[in-house]
C-alpha cells in the first residue's frame with residue numbers, strides 16, 4: 001500500500017477535522033484514526049494503536065499526546081504546534097466563548113434552564129465515568145476497598161484529594177506488582 | 001499575579017497526577033479551586049465541565065473555561081499551555097518505546113490511580129450534587145443520563161444531550177411549577 005505525502009496544510013486539516021468530532025477525547029481519537037489510517041493511509045493501524053497505548057500514560061490526555069507525536073513524526077517541532085493548534089482550536093474557541101457568556105447567562109433567565117438541563121446531566125456524566133472506570137474492579141473486593149477508602153478519606157475526613165491519588169498510585173504499584181495475574185485481580 | 005501563578009501550578013500538578021483525565025480532575029478542582037482557594041464557585045466548575053462536554057473536541061479543555069473564569073483570556077490561554085506542555089513527554093517515550101520495560105510499573109501506577117479516582121468521583125458527585133439536585137426535574141435529568149448510558153447503552157455524549165433536552169421540556173411544562 002503506497003503511503004501518501006504529508007504537507008503542513010494536510011496536517012492542519014486532518015487535525016482540525018478530528019478536533020471537530022463531538023463526544024470527547026475518544027471520539028477525537030477515532031476521527032484521527034479514520035483520517036490518518038483509513039483515508040489518507042499515512043500510517044498503519046498497528047502504528048496508530050501503539051501510539052494510542054503510549055499516549056494513555058502521558059500526563060496531558062491522549063488527544064494532546066497523539067497530536068504531538070504525529071505532528072513531530074511528519075514535520076518535527078513545527079508540526080507539533082500545527083497539530084496541537086488545529087486539534088484544540090474548535091474546543092478552545094467554543095469553550096472559552098461559552099465561559100465568557102457565563103455572567104450573561106447567570107444574569108438572564110436562561111441560567112434557570114441550565115440548572116434543569118446541562119448541570120444535572122453533567123453530574124450524571126461524572127457518575128457514568130466512575131462506573132465505566134469501575135467496571136473492571138467490581139470483581140475484586142480489594143479494589144473496591146481502595147475506592148471506598150478514597151471516598152471515606154475525602155468525604156468524611158476532608159483529606160487532600162491529591163494525596164489520596166498519590167497514595168493510590170503507590171499502593172497500586174505495590175499491590176499489583178505482587179498479586180499474580182487472574183488471582184484476585186481481573187487484570 | 002501570584003494568584004495566576006498559583007492557579008497555573010494547580011492546573012499543572014492536577015493534570016500530571018491524573019494523566020490528563022477530564023472527569024478525574026474534577027474532584028481535585030472541587031477541593032483546590034472551589035473549597036480551599038475560592039477562585040471559582042461550585043456552580044462555575046460544573047458549568048465549565050458541562051460546556052467542555054457539549055462542545056466538540058477533547059473534554060479536558062474545560063480547563064480553558066476555568067482559566068477564563070478566574071483570569072480572563074490570559075488565564076484561558078496560559079492554562080491550556082500548561083495542560084499541553086507535559087504532552088511532549090510522548091516524544092522521548094516513542095523513541096525508547098521498545099526498551100520501555102518499566103511500562104508495566106506505570107500501568108500498575110495508573111490502575112492504582114484509577115481505582116481511588118472512582119471513590120473520589122463519587123465523592124465529587126455527592127458534593128456537587130447537593131448544590132444541583134435540589135428538585136424533581138434535575139433528579140430526573142440526572143437519572144436519565146445514567147439510564148441512557150448504562151441501560152440503553154447510548155454513548156455518553158448523546159445521553160447528555162438527550163437528558164438535557166428532556167430537562168428543558170420538563171422545565172417548560174407548567175404542571176411541575
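The values are calculated or read from the model by the stated rules, or taken from the named source; none is laboratory data. Here the structure is a predicted model, which means the values were calculated and not measured. Virtual Cβ from ideal backbone geometry, glycine too; neighbours counted across all protein chains shown.
Of all residues in the stretch A:28-45, one or more are within 7 Å of chain B (Cβ to nearest Cβ) and either touching a helix residue (DSSP H, G or I) at 6+ places or on another chain (Cβ under 9 Å) or crowded, with 20+ Cβ neighbours inside 10 Å (or both). Only helices (runs of 4 or more DSSP H) whose full extent lies in the stretch B:48-167 are considered here, and the ones with at least 2 residues that are at the interface with chain A (Cβ under 7 Å from one of its Cβ atoms), closer than 24 Å to residue A:137 by Cα and free of Cβ contacts under 8 Å to residues at least 60 places away in the same chain are B:103-132, B:136-150. Of everything listed in (1) facing chain B (nearest Cβ under 7 Å); (2) under 19 Å from the mean Cα position of the chain (by Cα); (3) crowded, with 18+ Cβ neighbours inside 10 Å; (4) closer than 30 Å to residue B:144 by Cβ, the single unmet condition for residue A:99 is (2). If you go through the stretch A:108-125 and keep only what is assigned to a loop (DSSP other than H, G, I, E, B) and surrounded by fewer than 21 Cβ atoms within 10 Å (Cβ to Cβ), you end up with A:108, A:109. Please specify each residue of the stretch B:1-16 satisfying the condition of being closer than 23 Å to residue A:155 by Cα and surrounded by 20 or more Cβ atoms within 10 Å (Cβ to Cβ). Across the stretch B:1-16, the qualifying residues are B:10, B:11, B:14, B:15. Within the stretch A:74-88, which residues are in contact with a helix residue (DSSP H, G or I) (Cβ under 7 Å, 6 or more places away or on another chain) and away from every other protein chain (no Cβ under 11 Å)? Hits for the stretch A:74-88 are A:74, A:75, A:79, A:82.
When residue B:122 is tested against (1) more than 27 Å from residue A:152 (Cα to Cα); (2) modelled with pLDDT of 90 or more, just one condition goes unmet, and that condition is (1).
Matching residues to (1) more than 18 Å from the chain's Cα centre (by Cα); (2) surrounded by fewer than 24 Cβ atoms within 10 Å (Cβ to Cβ):
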| position | (1), (2) |
| --- | --- |
| B:43 | no, yes |
| B:50 | no, no |
| B:57 | no, no |
| B:118 | no, no |
| B:143 | yes, yes |
| B:147 | yes, yes |
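Test residue A:159 against the criterion of being more than 7 Å from chain B (Cβ to nearest Cβ), outside any helix (DSSP H, G or I), out of contact with any strand residue (DSSP E or B) (no Cβ under 9 Å at 6 or more places or on another chain) and more than 30 Å from residue B:173 (Cβ to Cβ), and give yes or no. Here the answer is yes, as residue A:159 does meet what is asked. I need the full set of residues from the stretch A:126-148 which are in a helix (DSSP H, G or I) and more than 26 Å from residue B:132 (Cβ to Cβ), in order please. Within the stretch A:126-148, A:141, A:142, A:143, A:144, A:145, A:146 meet the criteria. Being within 7 Å of chain B (Cβ to nearest Cβ) and touching a residue at least 40 places away in the same chain (Cβ under 8 Å) is the filter; apply it to the stretch A:116-151 and report the residue that is farthest from the chain's Cα centre (by Cα). Per the stated criteria, the residue is A:143.
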